[in-house]
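A.B. asks: Take a look at this one; I'll ask things after.
The values are calculated or read from the model by the stated rules, or taken from the named source; none is laboratory data. Just so it is clear, the structure is predicted and the values come from calculations on it, not from any experiment. FYI the Cβ positions are ideal-geometry reconstructions off the backbone, even for glycines, and counts take in every protein chain you see.
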């Protein structure tokens with residue numbers, strides 16, 4: 001069973017999502033929280049696998065709660081919930097360690113699939129969100145991290161794969177580009193995450209832009 005905590009300041013959202021998720025045979029909602037600070041307490045108490053985290057909440061917003069929750073490099077997967085335009089949140093949420101975004105008007109099937117995706121260790125990062133992330137780096141301008149030292153741990157092919165990931169290509173598209181099997185791409189990417197101590201695809205994209213491996217417009 002995938003254990004889920006729902007953090008949202010709207011009671012109707014918590015109740016509605018809880019009903020939809022508890023109807024799934026492989027998902028159990030173990031608790032909820034009305035703000036970010038409450039979410040931190042509930043996570044410590046209940047140890048969920050996935051937290052559905054609203055972006056805007058009183059007391060402590062979802063971004064700050066996610067930063068604190070994942071600051072130690074461990075913790076549950078976090079799926080950000082929003083009804084708002086994502087431009088203001090994409091970069092900071094992914095830097096904080098969120099595994100993706102889900103709009104609150106998602107269908108029951110989309111909601112359940114999203115929970116399963118992030119619980120499995122994958123990222124819910126649509127092409128549109130990737131484009132917004134790239135646009136944000138273009139607005140900020142230039143690399144934001146001073147050191148590229150860890151890149152030296154990657155092989156030439158792994159560096160190439162990371163560059164394609166950062167440009168928003170899927171594993172299938174990367175496999176086609178490099179004329180290799182998709183499983184080979186997955187193996188390379190797994191090694192990239194391990195060597196660079198990254199959680200998932202969103203963090204890999206952020207890292208690649210921050211060290212200047214790729215730049216907006218490449």
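Quick grid of which residues meet (1) in contact with a strand residue (DSSP E or B) (Cβ under 8 Å, 6 or more places away or on another chain); (2) within 27 Å of residue 78 (Cβ to Cβ); (3) surrounded by fewer than 19 Cβ atoms within 10 Å (Cβ to Cβ):
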position: 168; (1), (2), (3): no, yes, yes
position: 188; (1), (2), (3): no, yes, no
position: 204; (1), (2), (3): no, yes, no
position: 207; (1), (2), (3): no, yes, no
position: 215; (1), (2), (3): no, no, yes
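A.B. asks: Which of the residues that make up region 33-52 are surrounded by 21 or more Cβ atoms within 10 Å (Cβ to Cβ) and either free of Cβ contacts under 8 Å to residues at least 40 places away in the same chain or farther than 22 Å from residue 123 by Cβ (or both)? Working first, answer last.
C.D. replies: Residues of region 33-52 surrounded by 21 or more Cβ atoms within 10 Å (Cβ to Cβ): 33, 36, 39, 43, 48, 50-52.
Across region 33-52, the qualifying residues are 33, 36, 39, 43.
A.B. asks: Also, quick follow-up: Quick one: would you say residue 112 is at pLDDT 80 or above and in a helix (DSSP H, G or I)?
C.D. replies: On the way: at pLDDT 80 or above: yes; in a helix (DSSP H, G or I): yes.
The answer is yes for residue 112.
A.B. asks: Would you mind stating whether residue 81 is surrounded by fewer than 21 Cβ atoms within 10 Å (Cβ to Cβ) and under 19 Å from the mean Cα position of the chain (by Cα)? Walk me through it before giving the result.
C.D. replies: Working: surrounded by fewer than 21 Cβ atoms within 10 Å (Cβ to Cβ): no; under 19 Å from the mean Cα position of the chain (by Cα): yes.
It is false that residue 81 is surrounded by fewer than 21 Cβ atoms within 10 Å (Cβ to Cβ) and under 19 Å from the mean Cα position of the chain (by Cα).
A.B. asks: Being touching a strand residue (DSSP E or B) at 6+ places or on another chain (Cβ under 9 Å), part of a helix (DSSP H, G or I), at pLDDT 90 or above and closer than 21 Å to residue 207 by Cα: is that true of residue 69 here? Lay out the reasoning, then the answer.
C.D. replies: Values: touching a strand residue (DSSP E or B) at 6+ places or on another chain (Cβ under 9 Å): yes; part of a helix (DSSP H, G or I): yes; at pLDDT 90 or above: yes; closer than 21 Å to residue 207 by Cα: yes.
Considered against the rule, which asks whether it is touching a strand residue (DSSP E or B) at 6+ places or on another chain (Cβ under 9 Å), part of a helix (DSSP H, G or I), at pLDDT 90 or above and closer than 21 Å to residue 207 by Cα, residue 69 comes out as yes.
A.B. asks: If you don't mind, there's one more thing I want to ask. Given the conditions (1) more than 20 Å from residue 72 (Cα to Cα); (2) surrounded by fewer than 18 Cβ atoms within 10 Å (Cβ to Cβ), and given that residue 197 satisfies all but one, which numbered condition is not satisfied?
C.D. replies: Evaluating residue 197 over (1) more than 20 Å from residue 72 (Cα to Cα); (2) surrounded by fewer than 18 Cβ atoms within 10 Å (Cβ to Cβ) leaves (1) as the failure.
A.B. asks: For the structure I just gave you, tell me whether residue 168 is in a loop (DSSP other than H, G, I, E, B), assigned by TED's automatic domain parsing to the domain that holds residue 72 and modelled with pLDDT under 90. Walk me through it before giving the result.
C.D. replies: Numbers: in a loop (DSSP other than H, G, I, E, B): yes; assigned by TED's automatic domain parsing to the domain that holds residue 72: no; modelled with pLDDT under 90: yes.
It is false that residue 168 is in a loop (DSSP other than H, G, I, E, B), assigned by TED's automatic domain parsing to the domain that holds residue 72 and modelled with pLDDT under 90.
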